[in-house]
Structure formats: structure tokens, C-alpha cells
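What follows is a short report on a single structure.
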């Protein structure tokens, strides 16, 4: 009898690889700033924001057994500071800026936009203005997803670093 295998799609691996880097950043960041987190919550907490509180709360309900999760609309994050802020909306695709309250990016914190383009996305530009120390876009996730798909189809995982470097060069040109 074979042990059960977990099903996975080609896209999940790229997201996991990039999110592991976010996790590693957060661990290092907390070591540099003992007790760091956002005001009013533990450093290990997660906040899911959405334009509608109901959608955020429904999503949070799926993860509440894994971690401390709070949720609500964007107004609920006013006055709070976060070590890591991830934009998973499509706002950057249309050049839109999210109506984020001032001060949500912790000094030295990470702003991660799942979108990418030539230069900063509007979300990353806002994060830079508000003092986020580290910025990352979704190009790395795209490359990692492609590498994962190649592994699924060919049985070999290519080195993604040179591909990412070349794509960054092409976007900068």
C-alpha cells in the first residue's frame, strides 16, 4: 500500500516558494525587533482585509485553526502597523491605488504585491512613500510557478534565479 499523496497544481508551488521567503523575512524581522508585530495583536497574528468585512471574515474562518486570524474591512486596520502587507487584489493591474490608511507599514517592513510590471506598482509606490523598508512584486511568484509546472511536466525543477534575473532585466529595458 502506498502512502497517501497530497494533490497539488502547478501554480501552488510558486506561491508557496515565494510565501516561504515572506515567512523567512518575517522571522528575521522579528528577531531584529523583539516583540514586533502590529499594535493590539501578537506578532504571529494575521489580519485579512477586504472592501467588505463579510468576505474577509469568511476567508479568515478558513484559517482560524492554523493561526490567530482577525478580519474586517480596510477601515478596521486604521491605526495599526504590520510587519508584512500583501496586496492580493487586481488593483495594480489597472494602475489603481488601494485606499490604505497611513502608517500601516512598519518601518523596515515588507510590502509584497502579487502583481508586477515595469517599475513599482501603485501599491509598492505607496508602501515606499509610507516607509516600508522592503518591497517585492509578483514576478518571482510567476517564475516559481513556471518552474513548478516544468517540474510537474518534465520531472526536473529548473534553476529559477537566472530566469528571474533575465526577466527583471527585460522589464527594466
Inset, instruction - Show the residue pairs that are 6+ apart or on different chains and have beta-carbon atoms under 7 Å apart, the first residue being within the range 149-173 and free of Cβ contacts under 8 Å to residues at least 24 places away in the same chain, the second being exposed (fewer than 11 other Cβ atoms within 10 Å of the Cβ) and assigned to a helix (DSSP H, G or I). - result: none
Inset, instruction - From 70, 113, 83, grab the single residue that is touching a strand residue (DSSP E or B) at 6+ places or on another chain (Cβ under 9 Å) and within 28 Å of residue 159 (Cα to Cα). - result: 113
Legend entry - Output for the range 33-57, where each listed residue is assigned to a loop (DSSP other than H, G, I, E, B) and either at pLDDT 85 or above or surrounded by fewer than 13 Cβ atoms within 10 Å (Cβ to Cβ) (or both): 34, 35, 39, 40, 42, 44, 51, 52
Legend entry - Pairs, first farther than 22 Å from residue 109 by Cβ in the range 83-97, second in a loop (DSSP other than H, G, I, E, B), C-beta under 7 Å, six or more apart: 93/115
Inset, instruction - Could you check the range 99-173 for helices (runs of 4 or more DSSP H) lying wholly inside it with 2 or more residues that are more than 30 Å from residue 76 (Cα to Cα)? - result: 139-154, 160-172
Inset, instruction - Evaluate the range 58-77: report whether one residue or more is touching a residue at least 40 places away in the same chain (Cβ under 8 Å), assigned to a loop (DSSP other than H, G, I, E, B) and more than 30 Å from residue 163 (Cβ to Cβ). - result: no
Inset, instruction - Would you point out which residue out of 16, 20 is outside any loop (DSSP other than H, G, I, E, B), at pLDDT below 85 and farther than 16 Å from residue 134 by Cβ? - result: 16
Inset, instruction - Considering each of 169, 129, 148, 144 in turn, give the residue that is farther than 26 Å from residue 45 by Cα, modelled with pLDDT under 95 and surrounded by fewer than 16 Cβ atoms within 10 Å (Cβ to Cβ). - result: 169
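The values are calculated or read from the model by the stated rules, or taken from the named source; none is laboratory data. Just so you know, these numbers come straight off a predicted model, no measurement behind them. Using ideal geometry, Cβ is built from the backbone for each residue, glycine included, and neighbour counts are taken over all protein chains shown.
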